[in-house]
Amino acid sequence: MINRRWGPVLLAALVVIGLWALVLTGYSIAKAHRVTVESVRAYIESVDLSRLSGADRAKAIRKLADMRFHSKSAKKPGWNA
């Protein structure tokens, strides 16, 4: 049996472990959904705009415009990095 003094310590440890598990899960999900140059290129190659109707073509172009890719080598304008 656990001493009454160690009950809150055990509870705090379980809460910390649970929070770390939640944070690491969120981080891995965000990392998996990151848009890269390769994923944008794959999307462009997978969509044939000439075969799509007007509405579908607009939807595909809008989806491409909404993609914001992350590149380690991309320089931001105005930054001296």
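Annotations for the structure displayed:
- Residue within segment 34-48 that is without any contact (Cβ under 8 Å) to a residue 12 or more places away in the chain, among the aromatic types (Phe, Trp, Tyr) and assigned to a helix (DSSP H, G or I) present: no
- Subset of segment 1-33 [outside any helix (DSSP H, G or I) and within 30 Å of ALA65 (Cα to Cα)]: HIS33
- As for segment 19-31, it holds at least one residue that is within 17 Å of the chain's Cα centre (by Cα), loosely packed, with under 10 Cβ neighbours inside 10 Å and small (Gly, Ala, Ser).
- For segment 34-57, the tally of residues that are hydrophobic (A, V, I, L, M, F, W, C) and farther than 15 Å from MET67 by Cα stands at 3.
Every read-out reported here was derived from the displayed coordinates using simple, explicitly stated rules and does not represent laboratory data. Predicted model, so just to flag it, every value in this text is computed and none were measured. FYI the Cβ positions are ideal-geometry reconstructions off the backbone, even for glycines, and counts take in every protein chain you see.
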